[in-house]
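The next block holds one structure in the form of structure tokens; read it before the comments.
The values are calculated or read from the model by the stated rules, or taken from the named source; none is laboratory data. Only a predicted model underlies this, so the values are computations on that prediction, with no experimental measurement involved. We place every Cβ from the backbone using ideal geometry, glycine too, and count neighbours over all the protein chains shown.
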Amino acid sequence: MLVEDIQSVLEELAPGRLSAGWDNSGLQVGRATRLVGRVLVTLDVTEDVVREAADGDFQVILSHHPLLFEPLRRVSDGDRRGRIVSQLLASDISVIACHTNLDAAEGGLADLAAGELGLTHTQPISRIPVGGVKFVGFIPREAYEDVVAAAYEAGAGALGDYSHCSFNSEGRGTFMPGEGADPYVGARGRLEKAEEIRWETLVPTASVASVIHAFVKAHPYEEPAFDIYPLENVGSSGGLGRIGTLRAPTTLERVATSVGELLNAATVVHTGDPERSINSVAVVPGSGMGLLEDIPGRAEVLITGDVKYHDAERAQDLGLDLVVAPHGLLEVWALRAWSQGLRETLEERGVEVVFAEAGGSAWRSVSMVAADSGEVISSETGSMDFEGGNSYCSLFVDGGARGNPGPAAIGVVLRDEAGEVLEEVWDRIGDTTNNVAEYHALITGLETALDRSVTHLEVFSDSELMVRQMNREYKVRSERLKELFMQARALVQQFKQVRISHVSRESNTDADALVNKALDGV
């Protein structure tokens, strides 16, 4: 593949039309005809990233933040950007930026963050202005096909994923050629009436000049008539940020804890009452305060970065709470997740995709403060603080299918602190797979514990896949399991602490016996 081929793939994943007007996405440095075998993905293009690319024989650096926002006045070793551009050119490495177009795209960074946080029925906070103009031209019937074909070829007629878009109406045009005219029809000094087609289409701002030139050149009239109208339309797909609904209501504190857990952050700052009930959440990877006014009434909390002191006061005045997700952390997480899909796409075409080890935020910390508690404690480390009684319980869960898929059932055993059985649940769940049955068992067990007002819970399962997925060691790829995973995560957030551990089948015999009991109809 060539660099320009990589650009074409990126255009499908993150269309340039979704970029903000002030942005500078696209090819920034290098040759479009460069042959590509390796692509390095990074949040920012730094000198360390360039060295990593050169040492690793990468031909392209794909960055989220553009290296070049403003025109360069010089390229020298006297400043950081000059040194970086010099190093890139010397190493023949191209740089492509996917910034606000990747933020806004369907399946882009905002979508990924919203999905991982468990939001459903998501929609953009703000749609992207389509921009461009409406071009209206008047064409004689016999020349219509040739003229519009030339205009389409020059860039007219695109609307989202559609091309050759127009509206036509027939009418009669009038004109009187002057003494110096050379009319296509009619005669000098005589009023002429001609049957014409009014042709309306859309033209991107960047293509306006080309379309006008093509229209005039192909038109048979000496002085073709056309109008141009600026547009304020917004796109129907994609947009900045996402707003969605949680699968189950939770508290503001638990929303903040989920963000910290996702980002592996020791502390997460938020405004508002920690016990406030949250149903709808807005999330903007990076800096989202520019969208603040678009959120009140649609969500109770905004998760974003780059929040200033007075931003919090402004949000409070609007009845909106804030959870601060450091700009770089949330974007790096989302960009890394997105790059996995890019890797699968490009590896089919012989191009390797690697996420950069170098780079990262320029900010550094001088101290770390441990979080008081977490929703899911590591199965290998960490301790649980509990109050005794039913506040602490152990939960053994198992799910199984005979046939995979086949007849399936679940088994759940809830024990108190002393190990006494509080409740057992077994039930057939129809025909499904082992993995689905394991998740159904976990969800039923969590619901059982919540019904008994358990606050601290240790969960044991012999499904290594489910345990690792719940502890975020494995990514959930199956769409069916992803839905069950998010249901389980929503339930976990309603406890103070949960630890989920993998045990051998021999250590989970009670729950396993309940599965067989349900399947055997005992």
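Numbers below:
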item	result
Residue within the stretch 324-333 that is under 22 Å from Leu117 (Cβ atoms), among the aromatic types (Phe, Trp, Tyr) and assigned to a helix (DSSP H, G or I) present	yes
Whichever residue in the stretch 438-460 is out of contact with any Leu (no Cβ under 7 Å at 6 or more places or on another chain) and crowded, with 24+ Cβ neighbours inside 10 Å and, among such residues, is modelled with the lowest pLDDT	Val454
Candidates Val268, Val351, Val307, Val332 - the one that is surrounded by 20 or more Cβ atoms within 10 Å (Cβ to Cβ), more than 19 Å from the chain's Cα centre (by Cα), under 21 Å from Val41 (Cβ atoms) and not small (Gly, Ala, Ser)	Val351
Residue tally, condition more than 24 Å from the chain's Cα centre (by Cα), surrounded by 14 or more Cβ atoms within 10 Å (Cβ to Cβ) and not in a helix (DSSP H, G or I), over the stretch 473-522	10
Positions within the stretch 38-91 being touching a Gly at 6+ places or on another chain (Cβ under 7 Å) and exposed (fewer than 13 other Cβ atoms within 10 Å of the Cβ), in sequence order	Arg74, Ser76
Residue in the stretch 451-473 that is among the aliphatic types (A, V, I, L, M) and farther than 18 Å from Phe396 by Cβ present	no
Top-ranked residue of the stretch 215-260 - restricted to ones that are of a type in the set (D, E, K, R) and in a strand (DSSP E or B), ranked as surrounded by the most Cβ atoms within 10 Å (Cβ to Cβ)	Arg242
Some residue of the stretch 99-119 being among the acidic types (Asp, Glu), farther than 16 Å from Gly241 by Cβ and either at pLDDT below 95 or surrounded by fewer than 21 Cβ atoms within 10 Å (Cβ to Cβ) (or both)	no
Filter pass, Ser463 being among the hydroxyl-bearing types (Ser, Thr, Tyr), out of contact with any Ser or Thr (no Cβ under 7 Å at 6 or more places or on another chain) and modelled with pLDDT under 90	no
Unique match (being under 30 Å from Leu35 (Cα atoms), modelled with pLDDT under 90 and either under 19 Å from the mean Cα position of the chain (by Cα) or not aliphatic (A, V, I, L, M) (or both)) among Gly360, Gly286	Gly360
Matching residues in the stretch 278-291 - criterion: being outside any strand (DSSP E or B) and under 23 Å from Thr267 (Cβ atoms)	Gly288, Met289
Residue in the stretch 494-501 that is of a type in the set (Ser, Thr, Tyr), closer than 27 Å to Ala114 by Cα and either at pLDDT 95 or above or touching an Asp or Glu at 6+ places or on another chain (Cβ under 9 Å) (or both) present	yes
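Listed here are the residues, each with its yes/no results for (1) part of a strand (DSSP E or B); (2) in contact with a Gly (Cβ under 6 Å, 6 or more places away or on another chain); (3) farther than 14 Å from Val515 by Cβ.
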residue: Val425; (1), (2), (3): yes, no, no
residue: Ala441; (1), (2), (3): no, yes, no
residue: Leu457; (1), (2), (3): yes, no, yes
residue: Gln469; (1), (2), (3): no, no, yes
